[in-house]
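In what follows, a structure is listed as structure tokens, so that the remarks can point back to it.
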Amino acid sequence: MSNSDLKDKSLLVVTSWFPCKGTRTSSPFIFSQVNEIKKLFKAVKVISLNPYVPRYLQHPKFKRIFNAMGLNERWHNDIFSGHYCRDYRFDNIEVYFAQYCALPGGLSGNNLGGNMLKNAQKVINDKKIEFDLIHAHRVWPGGYVGAQLSHEFDCPLVVTGHGGDVYTWPFIDASHKQQAKVVLDSANHVITVGSGNIKCIQNIGTETPISLIPNGFDSSMFFQMKEIECKKKLTIPINKRIILSVGNLIEIKGYRYLIEAVSEIVIHKADVIFVIIGDGPLRSDLAHQIHSLGLEDCVI
């Protein structure tokens, strides 16, 4: 199917935690892709699978409680945005939120996937959403919901595997692997963003064709500049080599281990400076760690 064949088609994107209106921290790579791919379709409909949060709990004063419960990933910030799970549209994109009931700590058990699917179906029926093709992000949960909708509405399905949904979730046990295989076998095509993921997908046992398409970037925002010019603009010493890390300041990124390593490296290398770009719930803890190790001149 060529690009011209898509101009009169509608695409349904099924994902979890699509950015709420006015926010960009949750799944920005999916938002950016949808914003780019809209040019190819008559319309793009997004169904974002988000847990139900009572309106009174969306007040910022509850953020500390949520953090204590472990709900401190970047996408949880959307809960306190003032626009949580409110449908919106822009250009030819319509964003709908399918809220499902979920208990913290995985207490929802095996009912979680069914709850997501039921609420996605309800949104489709209530909003009279029509589509010709489904693109589901992550094998779980987007892929699971997308696979069921693909069977129900008899339309093609593309599944993109991103990270832990490919190399961790399917290999928790035999049941997870079988669920992942069912999703991938239901797809007409599978996309993944990293070469290492391809072997993982193949190990799941699917024979569905796989393509490698790395996440893209906005070239109007990210572009090359001369090194000295950059250092001057950022007030970084010209004679220093830079080790750069960009990411959300959350536990899984392992920044505390990086900072521990810095304390060893600077003993042997004086011409190195470490730059960390990001924000998140561990920002103050990491700043304290940098201070306690006396690394303020080595880490920005």
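Every condition in (1) open to solvent by less than 40 Å² (accessible area, probe 1.4 Å); (2) not in a loop (DSSP other than H, G, I, E, B) holds for GLY280 except the one numbered (2).
Take LEU249 and decide whether it is modelled with pLDDT under 95, under 30 Å from GLY164 (Cα atoms), aliphatic (A, V, I, L, M) and touching a helix residue (DSSP H, G or I) at 6+ places or on another chain (Cβ under 7 Å). Taking the combined requirement at face value, the residue satisfies it.
The rows are residues; the columns are (1) at pLDDT 95 or above; (2) among the polar types (S, T, N, Q); (3) within 21 Å of the chain's Cα centre (by Cα).
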| position | (1), (2), (3) |
| --- | --- |
| PHE97 | yes, no, yes |
| GLY106 | no, no, yes |
| GLY114 | no, no, no |
| ILE129 | yes, no, no |
| GLY142 | yes, no, yes |
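Every test in (1) more than 31 Å from the chain's Cα centre (by Cα); (2) surrounded by fewer than 11 Cβ atoms within 10 Å (Cβ to Cβ); (3) part of a loop (DSSP other than H, G, I, E, B) is passed by LEU295 save one, and that test is (2).
Checked against (1) β-branched (Val, Ile, Thr); (2) open to solvent by 100 Å² or more (accessible area, probe 1.4 Å); (3) modelled with pLDDT of 95 or more, ILE259 passes all but condition (2). Close contacts from the range 43-65, counting a first residue that is at positive phi and a second that is open to solvent by less than 30 Å² (accessible area, probe 1.4 Å) and hydroxyl-bearing (Ser, Thr, Tyr), with Cβ to Cβ under 8 Å and a gap of 6+ residues or different chains, come to none at all. Pairing residues of the range 165-186 that are free of Cβ contacts under 8 Å to residues at least 40 places away in the same chain with residues that are part of a loop (DSSP other than H, G, I, E, B) and open to solvent by 70 Å² or more (accessible area, probe 1.4 Å), at Cβ distances under 8 Å and at least 6 apart in sequence or on separate chains, gives ASP185/GLU207. Does VAL275 fit the bill of being under 29 Å from the mean Cα position of the chain (by Cα), open to solvent by less than 90 Å² (accessible area, probe 1.4 Å) and either within 28 Å of ASN67 (Cα to Cα) or among the acidic types (Asp, Glu) (or both)? Yes. Checked against the criterion of being open to solvent by less than 40 Å² (accessible area, probe 1.4 Å) and hydrophobic (A, V, I, L, M, F, W, C), the candidates PHE90, PHE41, PHE29 yield just one match: PHE41. The criterion of being of a type in the set (Val, Ile, Thr) and buried (at least 21 other Cβ atoms within 10 Å of the Cβ) holds for ILE134. From the list CYS85, CYS101, the one residue that fits, being under 12 Å from SER48 (Cα atoms) and not charged (D, E, K, R), is CYS85. Within the range 194-236, being open to solvent by 40 Å² or more (accessible area, probe 1.4 Å), among the polar types (S, T, N, Q) and either under 29 Å from VAL139 (Cα atoms) or in contact (Cβ under 8 Å) with a residue 60 or more places away in the chain (or both) holds for SER195, GLN202, ASN203, ASN215, SER219. Cβ separations smaller than 6 Å between residues 6+ apart or across chains give the following pairs from the range 247-267 residues that are over 11 Å from CYS298 (Cβ atoms) to residues that are outside any helix (DSSP H, G or I) and open to solvent by less than 30 Å² (accessible area, probe 1.4 Å): ASN248/GLY280; LEU249/GLY280; ILE250/GLY280; LYS253/GLY247.
Evaluation of ALA180 against the conditions (1) touching a helix residue (DSSP H, G or I) at 6+ places or on another chain (Cβ under 6 Å); (2) open to solvent by 80 Å² or more (accessible area, probe 1.4 Å); (3) hydrophobic (A, V, I, L, M, F, W, C) shows that the sole unmet condition is (2).
The values are calculated or read from the model by the stated rules, or taken from the named source; none is laboratory data. Computed from a predicted structure; not experimentally measured. Reconstructed Cβ throughout: ideal geometry from the backbone, glycine too, with neighbour counts over all protein chains shown. Remember, those area values only see protein heavy atoms, side chains included, never the ligands or the DNA or RNA. Shrake-Rupley method; radii C 1.70, N 1.55, O 1.52, S 1.80 Å.
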